[in-house]
Amino acid sequence: MAEAFVSTEERAAFIAGLPKAELHLHIEGSLEPELMFELAQRNNVAIPFASVDEVRAAYAFSNLQDFLDIYYQGMGVLHTEQDFHDLTAAYLVRAHTDAVRHVEIFFDPQGHTERGVAFATIIAGITRALDDARARYGMTSKLIMCFLRHLSEADAEKTLDAALPYLDRIDGVGLDSSEVGHPPAKFERVFARARTLGLKLVAHAGEEGPPAYVHEALDLLKVDRIDHGNRSLEDPALVARLAAEGMTLTVCPLSNLKLCVVDAIDAHPLRTMLVAGLRATVNSDDPSYFGGYVNANYLAVADALDLSKDDLITLARNSFTGSFLNDAEKAKHLAAIDAYA
Ligand code: ADE
Ligand code: ZN
């Protein structure tokens, strides 16, 4: 019989200390309204909000595009190396507080280069914060550059060209932004080139898009991981395939709630995924916009679905197994989970 928790407090305490990795985190989505105001002032950028409360009040979304419109506007305050550093450092403090031992961070270069920010500026700021977190907390990290799928494949190719001088600091490429109407097939060639460069490959698929997009991400992009993947559950053959291949899904419960991918948190499919043998993980996606960092995501979904201690351990184990760490590093973290449990 799986060990149950007697209260939310007991569950929260267990989650708080549980060693974990975060595998689905857009660094621009960790921009808290307070920092947005500070950077707007620092850089003399106008923002259409009078107060932090007004910003938070604007975070009511009925779908992915509603969110993306405000997310791209928000990242417009980021200009200098120091800005990218401060953004990343603030996230890493939150992650450390949540017992995150390893992070794999997404960034959206096209959201910045199109505004005149140099690629070198973005990389320098983010990696300075990542290096500090390693020295300070022993927290390890990987960096994943996402292509915006509402833009063309030619634009993604140019972005990969711009990244070539920085491949010592970039571990993978991903695919994000508006999903429906922009299938993975659109990016088959640029992903093939990234693969020949030795980069890891991930793609958002099955968040709003159909199961066919998950098939395409696997078959055409040859991804190492699926981001979200919720709608895979509509296709039993796909579920069987994902389980058989041990494919990791980076699931984001509070994001799914805020973007109306699920109607209510107790309708979240995470338990169904685990029962189906899928390697699901829990992540925060864009925590500033969706109301919580990684532990808040674990707690919300664990409370709503009455997840057991074993379920939480499985989720934390999956986060390391599905990471891009090497086998020795994974083993070390899995042993730490065993010791904690
Ligand atoms: N960019 C940032 N967050 C995203 C999400 N949840 N889906 C697609 N693109 C994103
Ligand atoms: Zn995402």
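The values are calculated or read from the model by the stated rules, or taken from the named source; none is laboratory data. Everything numeric in this text was worked out from a predicted model, so none of it was measured. With ideal geometry, Cβ positions are generated from the backbone for all residues, glycine too; neighbour counts draw on all protein chains shown. Remember, those area values only see protein heavy atoms, side chains included, never the ligands or the DNA or RNA. Shrake-Rupley method; radii C 1.70, N 1.55, O 1.52, S 1.80 Å.
Quick notes on this structure:
- Taking the criterion of being buried (at least 18 other Cβ atoms within 10 Å of the Cβ) and aliphatic (A, V, I, L, M), the residues of the stretch 92-117 that qualify are 92, 95, 100, 103, 105, 117.
- Qualifying residue in the stretch 40-60 (condition: within 16 Å of ligand 2 (Cβ to nearest atom) and either open to solvent by less than 60 Å² (accessible area, probe 1.4 Å) or modelled with pLDDT of 95 or more (or both)): yes
- So residue 21, is it open to solvent by 40 Å² or more (accessible area, probe 1.4 Å) and not in a helix (DSSP H, G or I): no
- Residue within the stretch 93-113 that is more than 20 Å from the chain's Cα centre (by Cα) and more than 30 Å from residue 312 (Cα to Cα) present: yes
- Here residue 260 clears all of (1) part of a loop (DSSP other than H, G, I, E, B); (2) open to solvent by less than 40 Å² (accessible area, probe 1.4 Å); (3) closer than 18 Å to residue 208 by Cβ except the condition numbered (2).
- Selected residue [open to solvent by 40 Å² or more (accessible area, probe 1.4 Å), at pLDDT 95 or above, small (Gly, Ala, Ser) and more than 16 Å from ligand 2 (Cβ to nearest atom)] from 89, 120: 120
- Selection count where residues are within 15 Å of ligand 1 (Cβ to nearest atom) and outside any helix (DSSP H, G or I), scope the stretch 161-205: 15
- Within the stretch 222-239, tally of residues that are open to solvent by less than 60 Å² (accessible area, probe 1.4 Å) and either over 22 Å from the mean Cα position of the chain (by Cα) or away from ligand 2 (no atom under 16 Å from the Cβ) (or both): 4
- Test set (1) open to solvent by 10 Å² or more (accessible area, probe 1.4 Å); (2) within 16 Å of ligand 1 (Cβ to nearest atom); (3) in contact with a helix residue (DSSP H, G or I) (Cβ under 7 Å, 6 or more places away or on another chain); (4) polar (S, T, N, Q) - residue 80 fails condition number: (2)
- When restricted to residues that are of a type outside the set (S, T, N, Q) and within 16 Å of ligand 2 (Cβ to nearest atom), the stretch 271-288 contains 5.
- Selection of the stretch 1-31 for residues being closer than 15 Å to residue 284 by Cα and either within 16 Å of ligand 2 (Cβ to nearest atom) or not hydrophobic (A, V, I, L, M, F, W, C) (or both) yields 20, 21, 22, 23, 24, 25, 26, 27, 28, 29, 30, 31.
- On the stretch given as the stretch 160-175, residues that are open to solvent by 10 Å² or more (accessible area, probe 1.4 Å) and under 24 Å from residue 250 (Cα atoms) total 3.
- Among the helices (runs of 4 or more DSSP H) confined to the stretch 45-134, the ones with at least 2 residues that are of a type in the set (A, V, I, L, M, F, W, C) are located at 52-57, 64-74, 81-97.
- Residues being open to solvent by 10 Å² or more (accessible area, probe 1.4 Å) and assigned to a strand (DSSP E or B) - total across the stretch 135-144: 3
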